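Each remark here refers to the structure printed beneath this line.
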Amino acid sequence: MKLLFAAIAGAVPFAVAASELPDTINADYQLGGAYAPPAGVTIVVRDSTAKPAPGLFNICYINGFQTQPGSNWQKALLLLDAKGNPIADPNWPDEYFLDVSTDANRKAILAKLAPVIRGCAAKGFRAAEFDNLDSYTRTDGRLSAAHAVAFAKMLAAATNAAGLAAGQKNAPDLARRGKSEIGFSFVVSEECHRWDECRAYTDVYGKQVINIEYSDDLRGTFEEVCADPQTPKSTILRDRMLLPMGRQGYVYRRC
């Protein structure tokens with residue numbers, strides 16, 4: 001793996017130390033399509049296929065533990081059921097679980113994701129967040145937290161080697177291990193207020209937390225969400241589909 005990390009580091013056009021998020025965290029979450037960020041935004045999260053927003057701190061979204069819809073993966077790297085069929089996430093039926101249960105698979109999956117990480121760095125992203133760290137909780141015991149942590153360590157190391165900060169995505173139960181063991185330096189949470197999980201993140205990551213609440217399932221009003229002392233100050237409100245600005249149904253507010 002040391003050779004792979006060295007190759008990743010040598011492939012980017014610049015060498016920078018992995019860093020934390022800026023002190024001022026006014027975020028926008030643009031996975032549904034890139035658009036000019038609202039005034040005052042300092043951090044933008046965009047998909048790995050998009051370009052960074054000029055002049056801002058950009059975080060690259062990578063689906064680290066499940067397949068992206070329409071992507072091609074070897075069947076041997078997917079989690080299979082008793083009949084040999086790939087298992088889809090019940091919440092996202094067009095995404096299949098990556099089988100990170102063995103060291104050989106983890107290495108092969110990382111080799112496929114490494115060019116994505118390198119691409120984020122080459123484009124000018126400053127950090128990467130890896131979605132579905134918690135996917136093991138939806139596999140009926142086929143995958144475990146130990147499997148997820150082992151692969152997350154590899155992702156974080158490869159990301160840091162490419163000059164990017166590595167971010168945890170959800171999985172409050174793994175927050176302490178994410179910071180101290182895996183190597184994550186910040187976290188992106190979804191609906192931590194809705195599910196009363198915010199302190200699990202802030203107790204570990206402090207201010208290095210970006211939280212997204214969704215307009216279709218708030219616990220109270222957004223004003224009440226922001227007034228809750230346990231809510232991260234860097235909380236934003238978005239529509240569930242993360243639509244680009246100008247599209248019907250687009251929602252963006254921040255605390």
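The values are calculated or read from the model by the stated rules, or taken from the named source; none is laboratory data. As the structure is a computational prediction, the values presented were derived from the model and not from experiment. Cβ: placed from backbone, ideal geometry, glycine included. Neighbour counts: every protein chain shown. All accessible areas refer to the heavy atoms of the entire protein, side chains included, with ligands and DNA or RNA removed. Shrake-Rupley method; radii C 1.70, N 1.55, O 1.52, S 1.80 Å.
Tally the DSSP beta bridges in segment 82-204 and give the antiparallel ones as a percent, rounded to 5. Before the final figure, lay out the partial values.
Working: 2 of 8 bridges.
In segment 82-204, approximately 25 percent of DSSP beta bridges are antiparallel ones.
Spin-label point model (7 Å from Cα, Cβ direction): what's the residue 217 to residue 75 distance in nm?
3.3 nm
So how exposed is residue 241, as accessible area in Å² (1.4 Å probe, rounded to 10)?
Answer for residue 241: close to 140 Å² accessible.
Percentage of Cα-Cα pair distances in segment 56-115 greater than 19 Å, rounded to whole percent?
Values: 554 of 1770 pairs.
Percent of Cα pairs beyond 19 Å in segment 56-115: 31.
Can you put 194, 253 in order of accessible area, largest first, using a 1.4 Å probe?
On the way: 194 60, 253 105 Å².
Putting 194, 253 in descending order of accessible area: 253, 194.
In a Gaussian network model over the chain where Cα atoms closer than 10 Å are linked, find which of 156, 39, 166 has the largest mean-square fluctuation.
39
To the nearest 20 debye, what is the magnitude of the charge dipole of the chain about its Cα centre, counting +1 on the Cβ of each Lys and Arg and -1 on the Cβ of each Asp and Glu?
So the dipole magnitude of the chain works out to roughly 920 debye.
Just how much of residue 209 is accessible, in Å², when a 1.4 Å probe is used and the result is rounded to the nearest 10?
0 Å²
Would you calculate the volume per residue, in Å³, of the smallest convex hull containing every Cα atom of segment 118-210?
Hull volume normalised by residue count: 97 Å³.
As a check on your grasp of the helix formula, calculate [θ] at 222 nm for the chain: sum -39500 (n - 2.57) over DSSP H runs of n ≥ 4, divide by the residue count, round to the nearest 500.
-7500 deg cm²/dmol
Mind pulling up the Rg/Rh value for segment 82-143? Radius of gyration and Kirkwood radius, both on Cα.
1.03
Would you pull out the residues with amide H under 5 Å of residue 165's amide H, same chain only if 5 or more places away, H placed 1.01 Å from N?
Under 5 Å from the amide H of residue 165 lie the amide H atoms of 19, 127, 128, each far enough along the sequence or on another chain.
Taking the convex hull of the alpha carbon atoms in segment 32-148, what volume per residue do you get, in Å³?
119 Å³
Just to confirm, what accessible area per residue do you get for the chain at 1.4 Å probe, in whole Å²?
Value returned for the chain: 45 Å² of accessible area per residue.
If you add up the charges near residue 88, with Lys and Arg at +1 and Asp and Glu at -1, over every other residue whose beta carbon is less than 14 angstrom from its beta carbon, what do you get? Before the final figure, lay out each step's value.
On the way: positive: 75, 83, 138, 142; negative: 81, 89, 94, 95, 99, 140.
Around residue 88, the surrounding residues sum to -2.
With a 1.4 Å probe and every protein chain kept in, tell me what percent of the accessible surface of the chain is carbon plus sulfur.
Here carbon and sulfur together make up 53 percent of the probe-accessible area.
With +1 assigned to the C-beta of every Lys and Arg and -1 to the C-beta of every Asp and Glu, and no other charges, what is the dipole magnitude of segment 130-194 about the Cα centre in debye, to the nearest 20?
Numbers: 8 positive and 7 negative charges, 30 e Å.
Here segment 130-194 has a charge dipole of around 140 debye.
For residue 75, go through the aspartates and glutamates and keep the ones whose alpha-carbon is under 19 Å away, minus same-chain ones fewer than eight residues off.
The qualifying aspartates and glutamates are 89, 94, 95, 99, 103.
What are the semi-axes of the equivalent ellipsoid of the chain, taken as the square roots of 5 times the eigenvalues of the Cα gyration tensor, listed largest first and rounded to whole Å?
Each semi-axis is √(5λ); the values are 27, 22, 18 Å.
What do you reckon, how do 87, 109 stack up by accessible area (1.4 Å probe), largest on top?
87, 109
Extending each Cα 7 Å along its Cβ direction at residue 144 and residue 228, get the distance between those two points in nm, one decimal.
Result for the modelled spin labels: 3.3 nm.
Run the 1.4 Å probe and let me know the accessible area of residue 214, rounded to the nearest 10 Å².
Surface accessible to solvent at residue 214 totals approximately 10 Å².
May I ask which residue of 174, 113, 226 lies farthest towards the positive end of the charge dipole of the chain, with charges of +1 (Lys, Arg) and -1 (Asp, Glu) on Cβ and the Cα centre as origin?
113
Within segment 215-241, name every residue whose backbone N is under 14 Å away from a label modeled 7 Å from Cα of residue 91 along the Cβ vector.
217, 240-241
Set the bar at 22 Å for Cα to Cα. Now go through 51/233; 179/207; 123/207; 51/112; 83/107 and name every pair that lies beyond it. Kindly include the intermediate steps, with their values, before the conclusion.
Values: 51/233 27 Å; 179/207 13 Å; 123/207 26 Å; 51/112 20 Å; 83/107 25 Å.
Among 51/233; 179/207; 123/207; 51/112; 83/107, the Cα-Cα distance tops 22 Å for 51/233; 123/207; 83/107.
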